[in-house]
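These notes are about the structure you will find just below.
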Amino acid sequence: MVDGSLSSVPGNESVVAAAAAFALTTKQTHSETELPIGAQILKQMIACACGQMPPGLVTDISAALFVVWASCGDFLFGGWLTDALGGDKNGFPRRSTTIEQKRFFVCELLAIEDETAPAALRGVPVDETSGKMDLRRFKRVVKAFCGGKKVGK
């Protein structure tokens, strides 16, 4: 351990990854309204995809979100995403977005079957050949939730 960090110890990659995931998940302030850092990051990325950044960056933001999901898994990413989206009609990402739409988005994005959703809303199918971790499907879901293509002003 030359530099005094865990990352320099051989075989401790999983310890470092677990510590990083814990740090991103825990609340960093004493306020109950504050989101964990992981949820804050996802919220800002979704806000960027929904119009705070140029429309052409939606696919790049989707790809970055996909990497986070692939790295963290359903449970951690889904928790952050649910926290980031917040409650019913709370103004994020749009004033009119309902809790049902947010739940549907989370389920579609993570390719989880939502038993509470009406059959007509069970949209983007998981391709049998590429499976759940399909970047193209993931990007389509993000783009649909964030409003699709934006027309220049």
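Where a number appears in this text, it was derived from the coordinates with a stated rule and is not lab data. Only a predicted model underlies this, so the values are computations on that prediction, with no experimental measurement involved. Note that each Cβ is placed from the backbone with ideal geometry, even for glycine, and that neighbours are counted across all protein chains shown.
The length gained on full extension between E113 and L57, counted as 0.36 nm times the residue separation minus their Cα-Cα distance, comes to 17.3 nm. Under 1.5 on a/c is rounded, so check that first for region 46-85, then, if it is not, pick prolate when a/b is larger than b/c and oblate when it is not; a ≥ b ≥ c are the square roots of the alpha carbon gyration tensor eigenvalues. Note, shape of region 46-85 comes out oblate. Relative protection proxy for 46-55, 67-76, from highest mean packing down: 46-55, 67-76 (other beta-carbon atoms within 10 angstrom). A simple count of charges around Q101, restricted to other residues whose Cβ falls under 11 Å of its Cβ and scoring Lys, Arg +1 and Asp, Glu -1, yields +1.
Relative to the current alpha-carbon distance between S71 and N90, full extension at 0.36 nm per residue lengthens the span by 4.0 nm.
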